[in-house]
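These notes are about the structure you will find just below.
The values are calculated or read from the model by the stated rules, or taken from the named source; none is laboratory data. What you see is a predicted model; the values in this text were computed from it and never measured. Cβ sites come from the backbone with ideal geometry, for glycine too, and all protein chains shown count toward neighbours. Side chains are part of the model used for accessible areas, which takes the heavy atoms of the whole protein and leaves out ligands, DNA and RNA. Shrake-Rupley method; radii C 1.70, N 1.55, O 1.52, S 1.80 Å.
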Amino acid sequence: ADTFANDDAKDDPIFTSFAIALTEAGRNEEALAVYERYLPRFPIIDGHYAYALALLAAGRLLEGWQNYEFRWLRRHAAASAPNVLAGPVWSGQSLRGKTILLHVEQGFGDVIQFVRYAPKVKALGATVLLRVARPMKTLMQGIEGVDRVLDRDQVIPEYHFYINLLSLPRVFATALDTIPADIPYIRADSGRARRWAAQLRADTTPRVGLVWAGNAVHPNDRFRSLTWSMLQPIWKVEGVRFVSLQTGPSAAGPIATLQVEVDWVEIGPELEDFSDTAAVISQLDLVICVDTAVAHLAGAMGKPVWVMLPQPADFRWLEGREDSPWYPTMRLFRQSRRDDWTDVIERVKSALEKQVWEGLHAAEPTQTAKPVPVAPQPLGTLAALKAGQRPGLSAVAETRAGTLQYLPDEPIVGDAIGWYGEYLQPQLDLLARIVRPGATLMEVDAGIGAHAVFLGAMLGEAGHLFLYESRPILQRILRQNLAAKGVKNVTVMRLTLGGTGKLDKTAIGEVAGASRLTAGIPITKTLDELQLRRLDWLKVNMNVAALDVLSGASETLWHLRPRLLMGVPDEATLLELTQRAQEFSYRCWRIETALFNPHNFNQRDKDIFGGGTALALLSIPEEIEVDIALDEFVEL
């Protein structure tokens, strides 16, 4: 396990693969212990995502939803992220009189499962827009709480906030005992239901819908789907009319063989969209299916539904349960052994025989969950926003610079990013006014890259960004954020920047490995020792002593004449730094920035910093003409 400390291990570390293997072996509690031991030291994006799935499966939902936000930072997900959407993501801000866009992600089943939150959002005073794929549009028209349904080909009207549908449980702080299970929340169109009823033959024979395969392009389809022939034991149950709801290539085959032997109705190939499917389900007594969208649809309609699950099952079905708190009328049949459906099918057959004997029309779920209303006030405080956030672990925030990984425990910076979606944005606005595209800029104490991502985009392809971050965990997160946002005009320095070149044993052990210590290579260099050919801006943040940096930068300051923006902890340091800069013939301005920006990205109107400010010094060489107004700052 100690080999994980290698800073070059950037892809899938050993502990993540090991923990996933434990979960797949049915040892999820041990897997959780592995994640919780190593993620504080190695905050790998895929590790956090796998941790989220393990937490959700274990029923630790508050923690699981927090980590599930890492899905947007994964490599394969970056291309599918809703980049077309602009503006703040809703995370509990007041919605009174506002318009919010619920953005659909992932599969059809996910849409059906999580659209249940629409009435909760509507109850907060919002106009609710729902954006879905076209096959879902008609079905979603009748969802309570949705004012308008859009498909992805339509122009999106103006809105104040948006949120990805699977982020709603996090914002509503959903735990096992607060899952909104007000069933049914999807209803079939009565006209369509009457039309399909005519094809199902009107008699008293119980009707059982069947779906044995999901979408073949799903990454786990080979684990969750069956072939139609595997269901033969179920077809032998007498006194049942089976109705095939199977669509796609998997629908072909059974009808020619079964029409003579089984009371069978082939419906699947005729279904045009999910509204048709819902109309047929409304005419059935029971649905038996694998883990696919039909399971969610039947459950959302309050129809008795039996779901055959692989081992391990998807996180939403939890572990070891035969019921689902998401769908009170659902019964789960799990594999006893991975990839072996024999036992599942036999148990489904026996249960169906029992239900037919007792009267299928009166079939009830094995365990009926009582709907529990979700509190209508989501995440109204910073403490609520952090609900389920484990100390020492990183998290994900939607910010002005996009989706970023950050450390909620980091003083001031963590709270600002998590609550406001930005940190010291007025300083970045100043740089946007004065820094020219194509410039070379160096940021010391770059942290998780909240400013670096912004600066990289501002400089453009012709510019370049040098970044220093000496704290190993923050440097890893910095690199991951830059990669996730596609910032390429950047060099992340492995050394630290100081006043004198020196050997730092602690940093060597944490960042560079013991081989550097053996070789005697200094890991701290001065700015002058870098011998840069160009440096237009030097930005030093407050966790690094700007005076120390300048003490090793005399040649650079005289020859390259970079502009300076340096954070300072107090007035005394500001004065000392001003005197130092003036020795190099720089003009200096005192900048005091409020930690609370009234125009913050998340549109929050509460100052959680109690009027706190941050001090900085702007220094520009005397010979350079200042072509922007700096009247709001005090020249020293």
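List pairs: first residue in the stretch 532-548 and of a type in the set (Phe, Trp, Tyr), second residue open to solvent by 30 Å² or more (accessible area, probe 1.4 Å) anywhere in the structure, Cβ distance under 6 angstrom, at least six positions apart or on different chains.
Close Cβ pairs (under 6 Å, with a partner that is open to solvent by 30 Å² or more (accessible area, probe 1.4 Å)) amount to Trp537/Arg563.
Select from the stretch 138-173 the residues that are over 22 Å from Pro88 (Cβ atoms) and touching a residue at least 60 places away in the same chain (Cβ under 8 Å) and write down the one among them that is surrounded by the fewest Cβ atoms within 10 Å (Cβ to Cβ).
Thr138
Which numbered condition in (1) open to solvent by less than 30 Å² (accessible area, probe 1.4 Å); (2) at pLDDT 80 or above is the only one that Thr227 fails?
(1)
Would you confirm, using the coordinates I've provided, whether Val356 is modelled with pLDDT under 95, assigned to a helix (DSSP H, G or I), among the β-branched types (Val, Ile, Thr) and closer than 20 Å to Thr329 by Cβ?
On the way: modelled with pLDDT under 95: yes; assigned to a helix (DSSP H, G or I): yes; among the β-branched types (Val, Ile, Thr): yes; closer than 20 Å to Thr329 by Cβ: yes.
For Val356, the condition - modelled with pLDDT under 95, assigned to a helix (DSSP H, G or I), among the β-branched types (Val, Ile, Thr) and closer than 20 Å to Thr329 by Cβ - is met.
Regarding Arg316, is this residue charged (D, E, K, R) and under 26 Å from Met140 (Cα atoms)? Quick ask: steps written out before the conclusion?
Values: charged (D, E, K, R): yes; under 26 Å from Met140 (Cα atoms): yes.
So Arg316 fits the description; yes.
Looking at (1) under 23 Å from Ala278 (Cα atoms); (2) open to solvent by less than 10 Å² (accessible area, probe 1.4 Å); (3) modelled with pLDDT of 95 or more, find the lone condition where Val132 falls short.
(3)
Hey, among the residues in the stretch 597-614 that are touching a strand residue (DSSP E or B) at 6+ places or on another chain (Cβ under 9 Å) and of a type outside the set (Gly, Ala, Ser), which one's nearest to Thr556 (Cα to Cα)?
Only one residue fits best here, namely Thr613.
Considering only residues that are in contact (Cβ under 8 Å) with a residue 12 or more places away in the chain and either in contact with a helix residue (DSSP H, G or I) (Cβ under 7 Å, 6 or more places away or on another chain) or part of a helix (DSSP H, G or I) (or both), which ones fall in the stretch 184-199?
Hits for the stretch 184-199 are Pro184, Tyr185, Ile186, Ala188, Asp189, Arg192, Ala193, Arg195, Trp196, Ala197, Gln199.
Just to be sure, is Ala202 open to solvent by less than 40 Å² (accessible area, probe 1.4 Å) and in a loop (DSSP other than H, G, I, E, B)? Step through it out loud before you land on a result.
Details: open to solvent by less than 40 Å² (accessible area, probe 1.4 Å): no; in a loop (DSSP other than H, G, I, E, B): yes.
No: the conditions fail for Ala202.
Give the number of residues within the stretch 467-495 that are surrounded by fewer than 20 Cβ atoms within 10 Å (Cβ to Cβ) and more than 23 Å from Pro40 (Cα to Cα).
4
What number of residues within the stretch 306-337 are surrounded by 18 or more Cβ atoms within 10 Å (Cβ to Cβ) and either of a type in the set (Ser, Thr, Tyr) or without any contact (Cβ under 8 Å) to a residue 12 or more places away in the chain (or both)?
Matching residues across the stretch 306-337 total 3.
Can you report the number of residues in the stretch 420-455 which are assigned to a helix (DSSP H, G or I) and surrounded by 24 or more Cβ atoms within 10 Å (Cβ to Cβ)?
Result for the stretch 420-455: 4.
Within the stretch 291-305, how many residues are small (Gly, Ala, Ser), touching a helix residue (DSSP H, G or I) at 6+ places or on another chain (Cβ under 8 Å) and either open to solvent by 10 Å² or more (accessible area, probe 1.4 Å) or not in a helix (DSSP H, G or I) (or both)?
Summing the residues that are small (Gly, Ala, Ser), touching a helix residue (DSSP H, G or I) at 6+ places or on another chain (Cβ under 8 Å) and either open to solvent by 10 Å² or more (accessible area, probe 1.4 Å) or not in a helix (DSSP H, G or I) (or both) in the stretch 291-305 gives 1.
Within the stretch 107-171, considering only helices (runs of 4 or more DSSP H) that don't extend past its boundaries, which have at least 1 residues that are acidic (Asp, Glu)?
108-114
Quick check: is even one residue across the stretch 601-616 part of a helix (DSSP H, G or I), more than 21 Å from Ala450 (Cα to Cα) and open to solvent by 70 Å² or more (accessible area, probe 1.4 Å)?
No; the residues of the stretch 601-616 include none that is part of a helix (DSSP H, G or I), more than 21 Å from Ala450 (Cα to Cα) and open to solvent by 70 Å² or more (accessible area, probe 1.4 Å).
Given the condition open to solvent by 20 Å² or more (accessible area, probe 1.4 Å), charged (D, E, K, R) and modelled with pLDDT of 80 or more, answer yes or no: does some residue in the stretch 502-525 qualify?
Within the stretch 502-525 (the criterion being open to solvent by 20 Å² or more (accessible area, probe 1.4 Å), charged (D, E, K, R) and modelled with pLDDT of 80 or more), the answer is yes, since at least one residue qualifies.
Please return the ranges of helices (runs of 4 or more DSSP H) entirely within the stretch 21-79 where 1 or more residues are of a type in the set (Ser, Thr, Tyr) and open to solvent by 10 Å² or more (accessible area, probe 1.4 Å).
So the answer is 28-38, 45-57.
Can you pull out every residue in the stretch 617-636 that is over 23 Å from His559 (Cβ atoms), of a type in the set (A, V, I, L, M) and either surrounded by fewer than 16 Cβ atoms within 10 Å (Cβ to Cβ) or under 40 Å from the mean Cα position of the chain (by Cα) (or both)?
Hits for the stretch 617-636 are Ile628, Ala629, Leu630, Val634.
Inside the stretch 278-290, can you point out the residues that are outside any strand (DSSP E or B), touching a helix residue (DSSP H, G or I) at 6+ places or on another chain (Cβ under 6 Å), open to solvent by less than 10 Å² (accessible area, probe 1.4 Å) and not small (Gly, Ala, Ser)?
The answer is Val280, Ile281.
Can you give me the number of residues within the stretch 174-196 that are within 21 Å of Leu139 (Cβ to Cβ) and open to solvent by less than 40 Å² (accessible area, probe 1.4 Å)?
Within the stretch 174-196, residues that are within 21 Å of Leu139 (Cβ to Cβ) and open to solvent by less than 40 Å² (accessible area, probe 1.4 Å) number 8.
Considering only residues of the stretch 332-353 that are outside any helix (DSSP H, G or I) and of a type in the set (A, V, I, L, M, F, W, C), which is modelled with the lowest pLDDT?
Here the answer is Trp341.
Mind counting the residues in the stretch 534-569 that are part of a loop (DSSP other than H, G, I, E, B), modelled with pLDDT under 95 and open to solvent by 40 Å² or more (accessible area, probe 1.4 Å)?
Adding up the residues that qualify gives 4.
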